[in-house]
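Undergrad: Take this structure first; my questions come after.
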Amino acid sequence: MFSMNTLLQLLQSSIAFGTIIMFGAIGEIITEKAGNLNLGIPGVMYLGGIAGLVGVFFYESNVEDPNPFLCVLIAIVCAFLASALGGLIFSFLTITLRANQNVTGLTLTIFGSGVANFFGGMLNGFAGGVGQIRVETTSKAFSAKLPYLSDLGTVGKIFFSYGWLVYVAIIVAIFCQIYLNKTRSGLNLRAVGENPATADAAGINVTKYRYLATCIGTGIAGLGGLYYVMDYTKGTWANDGSLENLGWLAVALVIFATWKTKNAIWGAYLFGFLFWAYLYIPGLTRSSLELFNMLPYVVTIIVLIFTSLRKKRENQPPNGLGLAYFREDR
């Protein structure tokens with residue numbers, strides 16, 4: 001049985017962990033709603049994490065008294081732009097040059113992790129070794145909790161004891177849900193993903209929507225990598241592959257959430273709960289630990305089978321997902 005303190009620690013770990021993959025899932029949902037299947041989300045999250053870290057590392061290293069607001073601004077801008085650049089490369093290859101989306105996405109993952117670990121190794125060298133990077137001002141700024149609310153006893157510990165990016169992720173998820181379902185441009189984006197030929201005939205610029213959705217989606221996904229580096233690991237860099245694993249969990253979360261950003265909120269926290277629950281169960285063997293690490297993927301497979309059998313249109317991926325659009329074939 002879980003004690004109240006143990007359960008509280010598990011919930012806190014689940015929410016912090018879930019925020020990382022929530023950003024990745026939100027970005028991928030936007031991308032897939034436009035018809036692009038980007039399996040490069042792990043690489044994109046790598047790019048976001050390392051770009052933000054590099055930007056603030058050199059800023060803090062060259063300024064005697066770093067401004068926390070500027071630290072946050074530099075980190076977010078660098079992370080978003082680097083991730084969006086990854087999305088731009090993906091878009092150019094798959095939309096303009098009509099390369100295979102699956103292969104291009106996997107290549108982007110390899111490219112992103114390679115670039116990030118290369119520059120991460122350089123930063124570790126500059127700082128004096130692995131774990132010696134110091135971006136304390138930026139890390140503290142990202143870890144800052146909501147004033148007063150975090151002091152509200154148990155309620156404060158459960159809901160308000162996290163860095164502010166946790167709440168930004170929830171706001172972004174809700175905003176994207178409203179955008180995709182209630183705005184004209186959001187409905188146009190969905191039309192592009194469902195039937196690009198029909199959308200094109202209606203005067204919607206398919207290429208523009210797919211480019212923008214992919215670049216903005218990857219930019220949002222990159223914020224998950226930034227949160228991992230700045231808040232989750234307190235401004236350090238380790239070439240251990242953890243961020244890539246989280247990126248694949250974000251891709252799995254897209255399916256679990258049935259391509260709805262609102263579902264990505266509680267789905268991300270459930271994944272976090274399943275991922276960390278084994279730490280709080282005594283007497284587990286090594287093989288049992290491996291089984292627990294499989295749980296998020298097993299749940300995703302179950303949801304995929306269930307939604308496929310029910311065949312409800314609103315729970316299915318866009319009809320045009322992963323398919324290149326050739327206007328000449330219309």
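The values are calculated or read from the model by the stated rules, or taken from the named source; none is laboratory data. The structure displayed is predicted, hence computed values, not measured ones. Using ideal geometry, Cβ is built from the backbone for each residue, glycine included, and neighbour counts are taken over all protein chains shown. Just the protein is used for accessible areas: all its heavy atoms, side chains included, with ligands, DNA and RNA removed. Shrake-Rupley method; radii C 1.70, N 1.55, O 1.52, S 1.80 Å.
Undergrad: So for the pair Phe175, Leu73, with labels modelled 7 Å out along Cα→Cβ, what separation do we get in nm?
TA: About 1.8 nm separates the two model spin labels.
Undergrad: Taking amide H positions as placed 1.01 Å from N in the peptide plane, with prolines and chain starts having none, which residues 5 or more places from Lys260, or on another chain, fall under 5 Å of its amide H?
TA: none
Undergrad: Counting only protein heavy atoms and a 1.4 Å probe, tell me what percentage of segment 172-268's accessible area is made up of carbon and sulfur.
TA: 61 percent
Undergrad: Something else: Going 7 Å from the Cα of Met294 in the Cα-to-Cβ direction, what parts of segment 28-60 have a backbone nitrogen less than 20 Å from that spot?
TA: Answer for this model: none.
Undergrad: Order of 10-18, 222-230 by packing, highest average Cβ count within 10 Å first?
TA: Final packing ranking: 222-230, 10-18.
Undergrad: Give, in nm to one decimal, the length gained when the segment between Leu279 and Ile305 is fully stretched (0.36 nm per residue of separation minus the Cα-Cα distance).
TA: Stretched out fully, the Leu279 to Ile305 stretch lengthens by 6.5 nm.
Undergrad: Please work out how much accessible surface Lys145 shows to a 1.4 Å probe, ignoring ligands, DNA and RNA, in Å² rounded to 10.
TA: Accessible surface of Lys145 is approximately 110 Å².
Undergrad: By how many nm would the segment from Ala99 to Phe326 lengthen if fully extended, with 0.36 nm per residue of separation less the alpha-carbon distance?
TA: On the way: separation 227, 0.36 × 227 = 81.72 nm, distance 1.22 nm.
Extra length from Ala99 to Phe326 when fully extended: 80.5 nm.
Undergrad: While we're looking at this one, here's another question. Just to confirm, what accessible area per residue do you get for segment 170-271 at 1.4 Å probe, in whole Å²?
TA: Heavy-atom accessible area per residue stands at 39 Å².
Undergrad: Let me ask another. Rank Gly156, Phe175, Leu187 by how far each Cα sits towards the positive end of the charge dipole of segment 138-208 (+1 on Lys, Arg Cβ; -1 on Asp, Glu Cβ) and give me just the farthest.
TA: Among Gly156, Phe175, Leu187, the one farthest towards the positive end of the dipole of segment 138-208 is Gly156.
Undergrad: Per the helix-only calculation at 222 nm, which mean residue ellipticity applies to the chain, given -39500 (n - 2.57) for every DSSP H run of n ≥ 4 and division by its residues, nearest 500 deg cm²/dmol?
TA: After summing the helix terms and dividing by the residues of the chain, the value is -23500 deg cm²/dmol.
Undergrad: How large a share of the accessible area of segment 23-131, in percent, is made up of carbon and sulfur atoms when the probe is 1.4 Å and the other protein chains stay in place?
TA: 73 percent
Undergrad: Tally Lys/Arg at +1 and Asp/Glu at -1 over every other residue whose Cβ is under 14 Å from the Cβ of Leu39; what's the total?
TA: It works out to a net charge of -3.
Undergrad: Which value, in Å², gives the accessible area per residue of segment 9-117 when a 1.4 Å probe is used on the protein heavy atoms?
TA: With all protein chains present, segment 9-117 gives 34 Å² per residue.
Undergrad: With everything on Cα atoms, drop me the angle between helix 165-182 and the longest principal axis of the chain, reported from 0 to 90° to the nearest 10.
TA: With both axes taken from Cα atoms, the answer is about 20 degrees.
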